[in-house]
Structure formats: C-alpha cells, structure tokens
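Below is one structure; the comments refer to it alone.
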Amino acid sequence: MSNINEQSVNNTPINNDGLTFAQKWVAFRTILIKEVRRILRIWPQTLLPPVITMSLYFIIFGKMIGSRVGEMGGVPYMQFIVPGLIMMSVITNSYSNVVSSFFSAKFTSSIEELLVSPVSKHSILIGYIGGGVFRGLMIAIIVSIVAQFFTKLGIEHFFVMVFTVLGTSILFSLGGFINAVFARSFDDISIIPSFVLTPLTYLGGVFYSLENLSPFWQNISLLNPIVYMVNSFRYGILGYSDVNVWYSMAAIFVFCAIFYAIAYRLLDNGSRLRL
C-alpha cells in the first residue's frame with residue numbers, strides 16, 4: 001500500500017518491470033556512454049582502419065580504374081561508387097561493433113550482472129544498438145569527408161539519405177547482436193561477416209549498376225537485400241537508383257522491427273547468454 005501511495009504522490013509512471021521511465025533512461029544512457037567511450041578510447045582500431053580502407057578504394061577504383069570506366073548511372077564513376085562505399089563501411093562497422101562488444105560481455109560473464117539487475121531488457125538492447133549506430137554514423141561522416149578530397153558530392157534527397165543510413169545502421173547492429181547471442185567462441189563472430197556480409201556487399205551494386213547486368217543476373221541481384229540499401233542511399237546522394245526507393249525504405253523499416261523482436265526475445269529468454 002505504501003508503494004502505491006508513494007507512486008501516486010510522486011505521480012511517476014512505473015511499468016511492469018518496476019522501473020520508472022527515468023530509471024530506464026539512466027540505464028540506457030549508462031550503457032550507451034560505455035559503448036561510446038569504448039569506441040573513442042580505441043579509435044585506432046574502431047575509426048581509423050575503415051577510413052584507410054575506403055581511401056584505398058577511392059584511389060584504386062575511383063582514380064585508377066574509374067578514369068577508364070568513364071560514367072555510370074549518368075555520373076562520373078568516382079561519384080557513383082562513393083555512396084556504396086559509405087554504406088559498405090556503415091554495414092561492416094555497425095555489425096562488428098555490437099557483435100564484438102556484446103560477445104565480450106558474454107565471454108567475461110559481465111552480461112550476467114545486467115541480467116540479474118532490475119534493468120529493463122529494452123534498455124540493454126537499445127543501449128548496445130545505440131553504440132553500433134554511433135560507430136556506423138561516425139564512420140559514415142568521416143568517410144564522406146575523406147571522399148570530398150576525391151570528388152564532389154551533394155545531397156539530392158536529404159530524408160532518404162538520413163533514413164537509409166540510420167535504418168541500415170540499426171538493422172546491422174541488431175544483426176550483430178543476434179550473432180553475438182548465438183556465438184560460442186570468437187571464431188563464431190567472424191563467420192557471418194566473412195561468408196555472408198562481404199559477398200553480399202560486393203555483389204550489392206557498390207561498384208556497378210544493375211543496368212550493366214543481363215536480365216538473368218539483374219533478377220538474381222534483386223534477391224540481395226544490400227542492393228536496396230545501397231541504391232536507396234545512392235538515390236539520396238546522387239538522385240539515381242536501380243530499384244524502387246520507397247519499397248526499399250519500407251523493407252528496411254520492416255526488417256528492423258523483425259530483427260528487434262528476435263533480439264529482444266533472445267535477450268529475454270537468456271538461455272544462450274552463458275557460455
């Protein structure tokens with residue numbers, strides 16, 4: 001009865017897990033700040049390598065090979081590949097940040113401290129996802145700045161660009177979280193990036209337009225989800241896309257919702273969170 005009276009006096013909403021929204025916000029903010037500090041503390045490992053890798057892509061594919069290719073999609077080849085390379089860096093870094101961070105917490109059993117605490121599962125999940133999104137967006141900004149030294153980029157459709165890069169970062173952060181939950185060793189967290197993400201990314205229209213493919217391979221390419229993300233982002237930057245942009249954005253939103261539900265279910269179940 002005293003708890004009820006205290007709640008009515010303070011007029012603070014309390015949900016089913018016994019935490020006020022203010023307390024849930026503190027938990028989320030604490031996890032997010034921890035993730036951000038980890039990223040910034042080891043920036044030579046988290047922020048620098050993608051920039052060097054993308055710079056090499058710009059030099060080799062953009063300057064050396066691009067001068068021979070000419071135009072693609074009505075723009076110079078260098079401009080054409082930059083949006084795809086930005087999305088490639090966002091995908092790999094958002095995924096790798098969450099999968100490595102959460103599996104490390106799982107490996108050291110520190111995740112059990114969060115599980116036995118009254119912290120909301122949503123706060124834990126969104127906190128880790130927020131760290132992946134932060135790293136993905138930081139890489140996108142840095143790579144975009146570096147790209148300006150090689151070519152000129154504008155923004156044709158701001159909303160499409162922001163929605164696509166943010167939704168893609170959230171989606172692959174969730175994918176990294178799910179991978180970390182199922183992983184039993186550090187080798188397991190490298191299987192998906194090596195054998196799934198890398199092939200799909202290289203075949204996702206980063207370096208070529210689907211118009212250059214035969215009808216058969218165009219249809220095969222349309223089964224690759226990364227094709228839609230790359231083309232939506234390219235549409236936001238250059239105003240050019242090989243696919244329907246609005247369908248692509250809707251698909252990103254739907255898959256984010258599905259992946260979040262799966263990730264929350266795995267976290268709430270807890271059976272795979274102990275090695």
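The values are calculated or read from the model by the stated rules, or taken from the named source; none is laboratory data. Since this is a predicted model, take the numbers as computed values, not measurements. Positions of Cβ are generated from backbone atoms using ideal geometry, with glycine treated the same way; all protein chains shown enter the neighbour counts. With ligands, DNA and RNA removed, areas are computed over all heavy atoms of the protein, side chains included. Shrake-Rupley method; radii C 1.70, N 1.55, O 1.52, S 1.80 Å.
To the nearest 10 Å², what's ILE126's accessible area with a 1.4 Å probe?
Approximately 80 Å² for this residue.
Ratio of Rg to Rh for the range 212-275, alpha carbon only, Kirkwood? Mind dumping the intermediate values first?
On the way: Rg = 16.5 Å, Rh = 13.9 Å.
Ratio of gyration radius to Kirkwood radius for the range 212-275: 1.19.
Could you pull out every one of the lysines with an alpha carbon less than 17 Å from that of LYS152, ignoring same-chain neighbours closer than 8 positions?
The qualifying lysines are LYS63.
Averaged per residue, what accessible area in Å² does the range 173-232 show with a 1.4 Å probe, protein chains only? Walk me through the numbers before you get to the answer.
Working: 2900 Å² over 60 residues.
For the range 173-232, the solvent-accessible area averages 48 Å² per residue.
Per residue of the range 94-108, what does 6.51 cos²θ - 1.76 cosθ + 1.60 with θ = phi - 60° give for ³J(HN,Hα)? Whole Hz please, x for Gly and Pro, Karplus curve as stated.
4, 5, 5, 5, 6, 5, 6, 5, 5, 5, 4, 5, 5, 5, 8
Enumerate the residues in the range 213-243 having an amide nitrogen under 16 Å from the point lying 7 Å beyond the Cα of GLU71 toward its Cβ.
238-241
Starting from the range 57-135, pick out the GluC sites (Glu not before Pro) whose DSSP state is loop and whose Cβ has at most 16 other Cβ atoms within 10 Å.
Numbers: sites: GLU71, GLU112, GLU113; in loops: none.
Filter output for the range 57-135: empty list.
Extension gain LYS34-SER214, at 0.36 nm per residue separation less the Cα-Cα distance, in nm? Kindly include the intermediate steps, with their values, before the conclusion.
Details: separation 180, 0.36 × 180 = 64.80 nm, distance 4.84 nm.
Stretched fully, the LYS34-SER214 segment lengthens by 60.0 nm.
Pull out the extension gain between LEU153 and TRP43, defined as 0.36 nm times the separation in residues minus the alpha carbon to alpha carbon distance; nm, one decimal.
On the way: separation 110, 0.36 × 110 = 39.60 nm, distance 2.61 nm.
Additional length available on full extension: 37.0 nm.
Can you give the longest stretch of the chain with no exposed loop site, where a site means trypsin sites (Lys or Arg not before Pro) in a DSSP loop (not H, G, I, E or B) with at most 11 other C-beta atoms within 10 Å? List each step's numbers first, then the result.
On the way: sites that count: LYS152, ARG274.
Between the exposed loop sites, the longest stretch runs 1-151.
Scan around MET72 for amide H atoms under 5 Å from its own, H built in the peptide plane at 1.01 Å from N, and keep only partners 5 or more places away or cross-chain.
TYR77
Please report, in cubic angstrom per residue, the volume enclosed by the convex hull of the alpha-carbon atoms of the chain. If you can, show how the numbers build up before the last one.
Working: hull volume 40.2 nm³, N = 275.
Given the Cα convex hull of the chain, per-residue volume reads 146 Å³.
Tell me, what is the 1.4 Å probe accessible area of VAL165, in Å² to the nearest 10?
Rounded to the nearest 10, the figure is 20 Å².
Could you pull the accessible area for ASP187 with a 1.4 Å probe, rounded to 10 Å²?
ASP187 exposes around 110 Å² with every protein chain in place.
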